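A.B. asks: Structure incoming, see below.
The values are calculated or read from the model by the stated rules, or taken from the named source; none is laboratory data. Note that the structure is a prediction, hence the values are computed from the model and not measured. Please note: Cβ atoms are built from the backbone with ideal geometry, for glycine as well, and neighbour counts cover all protein chains shown. Only protein heavy atoms, including side chains, enter the accessible area calculation; ligands, DNA and RNA are left aside. Shrake-Rupley method; radii C 1.70, N 1.55, O 1.52, S 1.80 Å.
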Amino acid sequence: MNRGSKLIVALGACALILCVLMPEAQSQALQSKPIRIVVGFPPGGPADYTARLLADKLPALVGANVIVENRVGANATIGADYVAKSPPDGHTLFLTTCGAMAISPHIGARLPYDPLRDFAPIAQVVTAYSTIAVHPSLPARNAKEFVALARASKGQITMASTGIGSIPHLAQELFKAAAKIDLVHVPYKGAGPSVTDAIGGQISSLVLDVTPLLPHLKAGKLRAIGIAGDKRVPLLPEVATMEEQGFKNVEAPNWYAIFAPAKTPRAIVDRLNDAVRKAISMADVRERLISTGADPVSSTPEQLAELLNRDYAKWGKLIRDNNIKE
């Protein structure tokens with residue numbers, strides 16, 4: 001073997017060693033400082049709750065401390081912008097809902113980040129199904145009876161959401177189109193105020209993730225009439241989906257997922273994905289999520305990327321077609 005051949009063999013061996021050692025080195029790099037999970041919503045909400053469940057389990061899986069940091073404002077876009085501009089080293093993650101990534105870019109002012117370009121998908125962790133509920137005084141026990149009332153009232157029935165362009169608002173638009181009815185949209189700044197007014201009878205109905213509705217549904221203060229998703233919620237087995245009741249394409253599931261800044265090395269993405277999926281599969285984590293009405297999900301980065309792209313296109317079209325603006 002001549003000198004040139006020996007050099008090529010040596011270089012090949014070095015490259016192979018680097019390929020073997022690089023993932024381990026990058027895995028060890030995660031242990032160098034705490035991992036922050038940034039949440040764009042206040043403490044105590046369902047996204048924050050999910051992040052803290054993960055933060056409790058991930059240290060044992062990644063060998064690093066994990067803390068939750070709430071950066072609140074503008075439907076999580078403040079937190080999104082912060083993470084997008086953070087170093088792509090796996091130490092700053094973003095646990096967010098569908099809104100900041102697939103809806104906000106189509107509404108209002110131009111965002112300082114691009115959700116399709118500025119993030120590396122890690123894993124989806126939860127699906128939360130939108131639920132349509134009414135005040136018990138409204139004589140509607142299912143979606144068909146509600147539609148009959150809405151048609152008879154000629155656009156006088158009010159339906160609340162958590163804000164213009166929110167998943168509950170978009171679910172309402174899908175419902176109106178499928179049922180060919182008119183409703184008075186009442187946007188609120190968050191779930192709490194909308195639930196308070198629905199219980200008090202100031203509004204006739206609302207759409208919301210099942211999680212904040214559950215205690216009030218169980219107490220009889222509100223009545224669920226339909227699930228805007230592709231399957232029933234285990235904790236509300238008697239409530240049919242909208243499609244089961246004859247209203248097609250009324251599917252507006254919210255999702256929670258974890259992203260990292262773009263250009264995060266693939267080895268770190270895979271390491272984080274593996275840890276998140278193991279955490280979500282733990283029996284106690286699943287039980288606690290299911291008890292809130294959420295559906296635990298374990299996905300690959302590619303599956304999350306596909307979900308984001310699909311919802312980005314779906315909600316963008318709906319927003320444009322209905323001229324929805326802040």
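A.B. asks: Within the accessible area of the chain, what % is carbon and sulfur when the probe is 1.4 Å and the other protein chains stay in place?
C.D. replies: 56 percent
A.B. asks: Quick one: net charge of GLY45's neighbours, Cβ under 14 Å, K/R +1, D/E -1?
C.D. replies: After counting each charged neighbour, the total is +1.
A.B. asks: For the chain, what is the relative contact order in percent, using Cα pairs closer than 8 Å and at least 6 residues apart in sequence?
C.D. replies: That works out to 25 percent.
A.B. asks: Per residue, how much accessible area does the chain show when a 1.4 Å probe rolls over the protein heavy atoms, in square angstrom?
C.D. replies: For the chain, the solvent-accessible area averages 46 Å² per residue.
A.B. asks: Turning to a different aspect of this structure: Can you give the helix-only mean residue ellipticity at 222 nm for the chain, where every DSSP H stretch with n ≥ 4 adds -39500 (n - 2.57) and the sum goes over all residues, rounded to the nearest 500 deg cm²/dmol?
C.D. replies: Helix contribution divided over all residues of the chain: -14000 deg cm²/dmol.
A.B. asks: Moving to a separate point now. Quick one: order THR196, THR96 from most to least accessible surface, probe 1.4 Å.
C.D. replies: THR196, THR96
A.B. asks: Right, something else. Hey, got a sec? Which trypsin sites (Lys or Arg not before Pro) in the range 194-248 land in a DSSP loop and have at most 14 other Cβ atoms within 10 Å?
C.D. replies: LYS231, LYS248
A.B. asks: Run the count for the range 140-279, please: Lys pairs, Cα-Cα under 14 angstrom, 8 or more apart or on different chains.
C.D. replies: 8
A.B. asks: To the nearest 10 Å², what's SER204's accessible area with a 1.4 Å probe?
C.D. replies: About 30 Å², ignoring ligands and nucleic acids.
A.B. asks: If you line up the long axis of helix 167-179 against the longest principal axis of the chain, both from Cα atoms, how many degrees apart are they, to the nearest 10?
C.D. replies: The answer is roughly 50 degrees.
A.B. asks: Additional query: Which whole number in µm²/s is D for the chain by Stokes-Einstein, with the Kirkwood Rh taken over Cα pairs at 10 °C and 1.306 mPa s?
C.D. replies: The Stokes-Einstein estimate is 75 µm²/s.
A.B. asks: Once both axes come from the Cα atoms, what is the angle between helix 191-200 and the longest principal axis of the chain, in degrees from 0 to 90, rounded to 10?
C.D. replies: Rounded to the nearest ten degrees, it is 20.
A.B. asks: Give me the angle, in degrees from 0 to 90, between the Cα long axis of helix 143-153 and the longest principal axis of the Cα atoms of the chain, rounded to the nearest 10.
C.D. replies: Result, in degrees: 50.
A.B. asks: Here's another thing I want to ask about it. Which whole-number percent is the relative contact order of the range 216-279 (Cα, under 8 Å, 6+ apart)?
C.D. replies: Across the range 216-279, relative contact order equals 21 percent.
A.B. asks: At 1.306 mPa s and 10 °C, plugging the Kirkwood radius over alpha-carbon pairs of the range 88-202 into Stokes-Einstein gives what diffusion coefficient in µm²/s?
C.D. replies: D, rounded to a whole number, is 96 µm²/s.
A.B. asks: What's the whole-number percent of alpha carbon pairs in the range 229-320 lying beyond 22 angstrom?
C.D. replies: When all Cα pairs of the range 229-320 are counted, 45 percent exceed 22 Å.
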